[in-house]
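A short worksheet on the structure shown next.
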Amino acid sequence: MASVCNTSTATLKSSFIPSPNSLGSTPKPSQLFLHGKRKQTFKVSCKVSNNNGDQNQNEVEKNSVDRRNVLLGLGGMYGAANFAPLAASAAPTPPPDLSSCSIAKITETEEVSYSCCAPTPDDLNKIPYYKFPSMTKLRIRQPAHAADEEYIAKYNLAISRMKHLDTTEPLNPIGFKQQANIHCAYCNGAYKIGDKVLQVHNSWLFFPFHRWYLYFYERILGSIIDDPTFALPYWNWDHPKGMRMPAMFDREGTALYDQVRNQSHRPREGVMDFWFLLVMKVQTTKLQLMSNTLTLMYRQMVTNAPCPRMFFGAPYVLGNNVEAPGTIEVIPHGPVHVWTGTVPGTTLPNGRTSHGENMGHFYSAGLDPVFFCHHSNVDRMWSEWKAIGGKRRDISHKDWLNSEFFFYDENGDPFRVKVRDCLDTKKMGYDYAPMPTPWRNFKPITKASVGKVDTSSLPPVSQVFPLAKLDKAISFSINRPASSRTQQEKNEQEEMLTFNNIKYDNRNYVRFDVFLNVDSNVNADELDKAEFAGSYTNLPHVHRVGENTDHVATATLQLAITELLEDIGLEDEDTIAVTLVPKKGGEGISIEGVEISLADC
């Protein structure tokens with residue numbers, strides 16, 4: 001691997017805010033914008049190059065409006081938290097070993113063609129912990145669909161200046177590609193801790209890592225245009241008004257536009273489809289599509305996320321290949337990425353074959369400005385979830401609270417951060433502009449079946465599993481550990497439907513849906529039915545354990561079904577019917593076993 005620098009360190013001095021006149025056709029911001037320049041000196045180590053030597057690359061409205069009026073007027077999924085005790089090897093996750101950062105991977109056999117490694121500080125042992133600067137006013141993140149022209153111009157200017165640094169100062173850590181590379185390094189196998197590859201997805205690290213990531217990104221944008229009040233927008237995909245690509249990102253020729261997107265999903269093409277997977281498209285009406293989406297949000301935020309471990313995901317065990325993300329990470333987070341990126345196998349503008357770029361793959365997602373708008377709403381869901389109440393609160397375990405990450409701030413200075421310091425957005429200096437949350441009113445109430453399915457006509461779970469492939473819809477019966485539980489018992493323990501050792505090729509998009517009390521003839525395109533329990537979805541990614549080359553990922557799917565059984569009138573039944581419906585890649589999915597258990601929540 002070629003060395004990028006002839007010396008171990010390089011000192012760069014820069015006037016890193018280019019002149020507005022150097023930005024070509026960038027729209028002019030209002031006269032409120034300041035165009036001052038700032039001097040900066042920082043030191044970095046150049047350790048790795050790519051194969052070509054290229055360096056670059058609230059006041060929450062709890063009861064919104066009538067559900068039908070929301071749709072007509074505008075014309076859980078996956079609770080994969082592991083409720084088992086923390087594994088013996090679980091521990092607070094330290095920041096990555098920057099000195100051992102290596103080439104990231106798109107697949108186990110294909111490397112990213114450039115280095116995703118961040119510039120390395122001179123002394124890795126003297127990186128301080130971050131302290132929040134003083135502030136006089138909160139940065140307020142607004143819904144992207146409601147942004148005015150002044151804000152759009154300001155945002156475009158900030159991204160333009162970040163991108164300009166890619167040409168003038170490619171090693172500047174606040175440059176556009178260097179910022180995008182953060183996601184690549186943390187998510188595609190570049191960083192290691194000891195001899196284990198670090199991965200911040202598919203576990204309880206997902207929410208806090210991305211919150212810190214956006215925090216520094218937002219401050220960089222504000223600094224680069226001399227506006228400390230600047231805040232990222234959020235893609236309000238949980239509301240019908242936001243269920244399209246935000247228009248500000250669809251202006252060709254601007255810094256916010258990314259030509260490497262799925263062109264069939266531009267704003268004029270129609271509303272977002274949370275269960276869109278490549279060539280598969282649900283054949284239903286726009287009204288049904290929006291209703292399904294709001295139902296999915298209800299399942300993700302309420303039914304299947306009654307407590308922390310299900311919402312955030314399972315504890316992270318370094319080097320463990322079992323994936324157990326929380327509800328929101330799987331849907332809607334994953335499907336929005338897939339929906340936005342190109343279709344894998346198509347040809348990109350540079351002639352390469354697509355892996356889903358940019359948004360459709362972890363390594364390249366940060367190269368699309370809409371990534372940060374998308375994750376702003378993901379982050380907002382953290383706050384909205386806690387506002388629902390009950391047992392919905394932050395994790396209290398010290399291994400989570402003391403986990404750490406590494407970032408550069410707006411001045412190009414390196415810092416370590418802890419999860420415990422990002423639990424309150426107001427202390428971090430930002431908040432979200434309130435928007436109605438109509439999904440709160442979309443608890444499925446219509447049933448797809450009448451009465452109880454005859455479970456005696458279905459094969460028992462022991463005769464169906466282990467399942468070698470899920471290439472067609474299957475139904476089976478399964479016994480419950482207890483029935484007719486009291487409300488106090490339900491409050492103390494959640495009834496969990498668990499699918500153990502799900503295996504699939506991690507390079508592929510996969511999805512299957514789960515229904516209770518229906519047979520294999522269920523209409524799987526109508527997810528706003530009470531019997532719909534949840535889904536499993538995979539976004540292509542690289543193994544957490546770098547030594548594995550078989551591409552097989554192992555996952556656990558847990559669905560909270562206490563509320564669901566009440567809604568469909570099965571809480572007094574000893575045996576229930578479960579139906580799995582493959583939607584994408586089912587022929588490559590195997591499942592070892594299924595069980596129902598009671599777990600502390």
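The values are calculated or read from the model by the stated rules, or taken from the named source; none is laboratory data. Quick caveat: nothing in here was measured; it's all calculated off a predicted structure. All Cβ positions, glycine included, derive from the backbone under ideal geometry; neighbour counts span all protein chains shown. With ligands, DNA and RNA removed, areas are computed over all heavy atoms of the protein, side chains included. Shrake-Rupley method; radii C 1.70, N 1.55, O 1.52, S 1.80 Å.
To keep it simple, each residue is scored yes or no on (1) surrounded by 23 or more Cβ atoms within 10 Å (Cβ to Cβ); (2) in a helix (DSSP H, G or I).
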residue	(1), (2)
THR229	no, no
ASP238	yes, no
LEU296	yes, yes
PHE311	yes, yes
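Any residue that is more than 26 Å from ASN188 (Cα to Cα) and at pLDDT 95 or above - is there at least one of those in the range 202-215? There is no residue in the range 202-215 that is more than 26 Å from ASN188 (Cα to Cα) and at pLDDT 95 or above. When every residue of the range 183-193 is checked against the conditions, at least one turns out to be crowded, with 24+ Cβ neighbours inside 10 Å, of a type in the set (Ser, Thr, Tyr), more than 17 Å from the chain's Cα centre (by Cα) and over 25 Å from PHE311 (Cβ atoms). Does THR254 fit the bill of being in contact with a Pro (Cβ under 9 Å, 6 or more places away or on another chain), modelled with pLDDT of 95 or more and among the polar types (S, T, N, Q)? Criteria met by THR254.
Yes or no: TRP204 within 17 Å of the chain's Cα centre (by Cα) and assigned to a loop (DSSP other than H, G, I, E, B)? Taking the combined requirement at face value, the residue satisfies it. Scanning the range 330-373 for residues that are under 21 Å from ILE103 (Cβ atoms) and part of a helix (DSSP H, G or I), we see that the one that is most open to solvent (accessible area, probe 1.4 Å) is LEU367. A residue that is in contact with a helix residue (DSSP H, G or I) (Cβ under 6 Å, 6 or more places away or on another chain) and among the hydrophobic types (A, V, I, L, M, F, W, C) occurs nowhere in the range 484-504. Looking across the range 168-178 at every residue that is in contact with a helix residue (DSSP H, G or I) (Cβ under 6 Å, 6 or more places away or on another chain) and assigned to a helix (DSSP H, G or I), the one that is surrounded by the fewest Cβ atoms within 10 Å (Cβ to Cβ) is identified as LYS177. Here the condition is being over 30 Å from VAL552 (Cβ atoms) and surrounded by 17 or more Cβ atoms within 10 Å (Cβ to Cβ); of LYS418, LYS447, LYS398, LYS391, it holds for LYS418 alone. Working only within the range 567-580, note down all residues that are open to solvent by 20 Å² or more (accessible area, probe 1.4 Å) and not in a loop (DSSP other than H, G, I, E, B). If the condition is that a residue be open to solvent by 20 Å² or more (accessible area, probe 1.4 Å) and not in a loop (DSSP other than H, G, I, E, B), then ASP567, THR575 are the ones that fit.
In the set GLY366, GLY412, only one residue is of a type in the set (Gly, Ala, Ser), in the same structural domain as PHE207 (by the TED database) and under 19 Å from MET245 (Cβ atoms); that residue is GLY366.
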